[in-house]
Amino acid sequence: MSLLGTWTVSLAATAASAYALDAVAAAAGASLVAVGLLDGVAQEWVMVFLVASYAIWAVGLRTNLRANGALLAATGTSTNVLSKAAFDVTRRRARRGSTARLAAAVAYAGTEVAKETPYYLAAFGAAAATDAITSTDALVFLAGANLAAAGYEYGLGRLTGAFLRHRYASFETDWVPQRYLADYYAAIEPDEIATIAFLVSSLRSAPRDEPVLFFGVGPTMHHVFAAAEIASEIHLGDYLPANLAEIQRWISRAPGAHDWRPFVYYTLQCEGVARPTDDEVAHREDLARRKITQLLQVDAMHARPIDRLYSTVISPYCADSATDNLVTWRRLMRNITGLVGPGGLFITAALHRCSGYTVGGRRFPSANVDESDFEAALRRDFDASIEVCATGQDATHGYGSVVLCQARRHAVT
Ligand SMILES: C[S@@+](CC[C@H](N)C(=O)[O-])C[C@H]1O[C@@H](n2cnc3c(N)ncnc32)[C@H](O)[C@@H]1O
């Protein structure tokens, strides 16, 4: 969905939701007064009832705030435009996605609290205007409205959650690193046969003895081994702490950490070693372990995800595998390539013309990009070499080819 599209949908959803909530809450408040359930109850106890209704409302609202955060992260839309604005602004500035979700929640809750004012004015205004309505009736009205609002917020949150589950899985709630490793890295599949060979070949022109950044590395190490010899140090960045924790487990040789040795073996073969020995494989693993100096939590939605530039940035299957939206993909690419210094090398890969891939039975989004999208995204600042490689994995993973790209940023003149 385009940026304009996300705002249009959010505006429409905000209007519809505000209208529905007001209708439900006002009707419930008025009904509770009309049925006279609390007639004769002392005002102090009605006050206690009102306070309890706020607590119940907060519980309902919490469900909706969580769902709204997931909706914003997955689609860029919200049922509250102020919440969307807070999310968008904060996500550009803050380095952690959780900060943006917190800002979205504060804006959402703030709007809901502010919307209480007309209810108070209406309830106590009516009590002041006519003897037929007492101040206790006003309190009962407010409590009834709160209870209905609690149900509404809870229902909207559950509905939003169901919509998201039906659509695409979310990295925040559905990504399981171990499932990704089991589904894609139990063996070297055709896409990785092509990608690792491409990576080894592209890195022949990379500057030596400089830090290398892997952006969106996931819980994986299979691309990292190719850079171990040339890099002075290796920095691994990903959005999810759980992915970085899985890498840390491999670094620390924790029991049950993923076995990357077949990938190291293949990397060495791509480098020209016909039959790598166990010692050679172990040596490359150790070299990679020594060169990894930083595990970074990064967010490609941020305009400057890391406060420095690199002469080599490697980001396979990150931007394209993080969104189903072409406009968002361009933005992610802009932010990731922004980390490549003048004259630096950018190496990337993407699923070719694919709208989603499955991890642990859940479908994650893919940006449906092809070679022309890469050309357009990189043309201004890079000299790019792009190829499409058939992998025939339609049946197993939902894509039949991958885009492989290496690009050199123009040097400053
Ligand atoms: C399909 S995985 C690819 C992982 C690895 N590069 C590979 O080739 O297997 C996509 C990765 O993108 C990461 N990701 C999703 N959204 C991101 C964001 N906004 N910023 C940085 N990484 C993100 C996910 O955490 C996940 O590790």
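Note: relative contact order over segment 306-413, using C-alpha pairs below 8 Å and six or more positions apart, is 30 percent.
So for segment 119-276, averaging the separation of alpha carbon pairs under 8 Å that are six or more residues apart and normalising by length, what relative contact order in percent results? Each step should come with its number before you reach the end.
Values: 124 pairs, mean separation 27.4, N = 158.
Taking the mean separation of contacting Cα pairs over the length of segment 119-276, I get 17 percent.
Projecting the Cα positions of Pro177, Ser2, Thr63 onto the charge dipole of the chain (unit charges on Cβ atoms of Lys, Arg, Asp and Glu, taken about the Cα centre) puts Ser2 furthest along the positive direction. Just check segment 173-409 against the gyration tensor rule for me: Cα atoms, a ≥ b ≥ c as the square roots of the eigenvalues, rounded for a/c under 1.5, and otherwise prolate or oblate depending on whether a/b exceeds b/c. The shape class here is rounded.
Packing here is the average count of other Cβ atoms within 10 Å per residue, and on that basis the peptides 195-201, 154-160, highest first, run 195-201, 154-160. When all protein chains stay in place and ligands, DNA and RNA are ignored, the 1.4 Å accessible-area order of His166, His410, largest first, is His166, His410. If both residues of a DSSP beta bridge must be in the chain, then about 50% of such bridges are antiparallel. If the segment from Gln43 to Arg253 were pulled out straight at 0.36 nm per residue, it would be longer than the present Cα-Cα gap by 69.0 nm. In percent, rounded to a whole number, the relative contact order of the chain is 15, using alpha-carbon pairs under 8 Å and six or more apart. In segment 173-409, a dipole from Cβ-located charges (positive for Lys and Arg, negative for Asp and Glu) runs towards its positive end, and of Ile336, Gln269, Gln393 it is Ile336 whose Cα lies farthest in that direction.
With each label modelled as a point 7 angstrom along the Cα→C-beta vector, the Ser98-Ser135 pair spans 4.5 nm. With each label modelled as a point 7 angstrom along the Cα→C-beta vector, the Phe124-Ala85 pair spans 2.8 nm. Accessible surface for Thr90 stands near 30 Å², nearest 10, in the context of the full protein assembly shown (1.4 Å probe). Dividing the summed -39500 (n - 2.57) terms of all DSSP H runs of n ≥ 4 by the residue count of the chain sets its mean residue ellipticity at 222 nm at -18000 deg cm²/dmol. Largest GNM mean-square fluctuation among Val51, Val402, Val41, using the chain with Cα springs under 10 Å: Val41. Segment 308-335 to segment 361-397: how many Å between their Cα centroids? Comparing the Cα centres of segment 308-335 and segment 361-397, I get a distance of 11 Å.
When only alpha carbons are used to place a centre, segment 1-69 and segment 104-122 end up 10 Å from one another.
From the protein chains alone at 1.4 Å, what is the descending order of accessible area for Ser205, Ser366, largest first? Spell out each step's value before the answer.
On the way: Ser205 60, Ser366 0 Å².
Accessible-area ranking of Ser205, Ser366, largest first: Ser205, Ser366.
Phi-derived couplings, Karplus 6.51 cos²θ - 1.76 cosθ + 1.60 at θ = phi - 60°, listed residue by residue for segment 255-271: x, x, 5, 4, 8, 9, 4, x, 6, 5, 3, 5, 4, 5, 4, 4, 7 Hz, with x used for Gly and Pro.
For Arg289 and Ala390, calculate 0.36 nm times their separation in residues minus their Cα-Cα distance, and state this gained length in nm to one decimal. Let's see the in-between values first.
Working: separation 101, 0.36 × 101 = 36.36 nm, distance 3.23 nm.
33.1 nm is the gain from fully extending Arg289 to Ala390.
Each residue of segment 106-111 was assigned a 3J(HN,Hα) from its phi angle through the Karplus curve 6.51 cos²θ - 1.76 cosθ + 1.60 (θ = phi - 60°); the sequence is 5, 5, 5, 5, x, 5 Hz, with glycine and proline shown as x. Round to the nearest 10 and give me the degree value, 0 to 90, for the angle of helix 278-291's Cα axis relative to the longest principal axis of the chain. Taking the Cα atoms of the chain, the angle to 278-291 is about 50 degrees.
So if I place +1 on the C-beta of Lys and Arg and -1 on the C-beta of Asp and Glu, and nothing else carries charge, what would the dipole magnitude of segment 3-167 be about its Cα centre? I want it in debye, nearest 20. Working shown, then result.
Details: 13 positive and 9 negative charges, 300 e Å.
Roughly 1440 debye, rounded to the nearest 20.
The values are calculated or read from the model by the stated rules, or taken from the named source; none is laboratory data. None of these values were measured; they are calculated from a predicted model. Cβ atoms come from the backbone with ideal geometry, glycine included; neighbour counts cover every protein chain shown. With ligands, DNA and RNA removed, areas are computed over all heavy atoms of the protein, side chains included. Shrake-Rupley method; radii C 1.70, N 1.55, O 1.52, S 1.80 Å.
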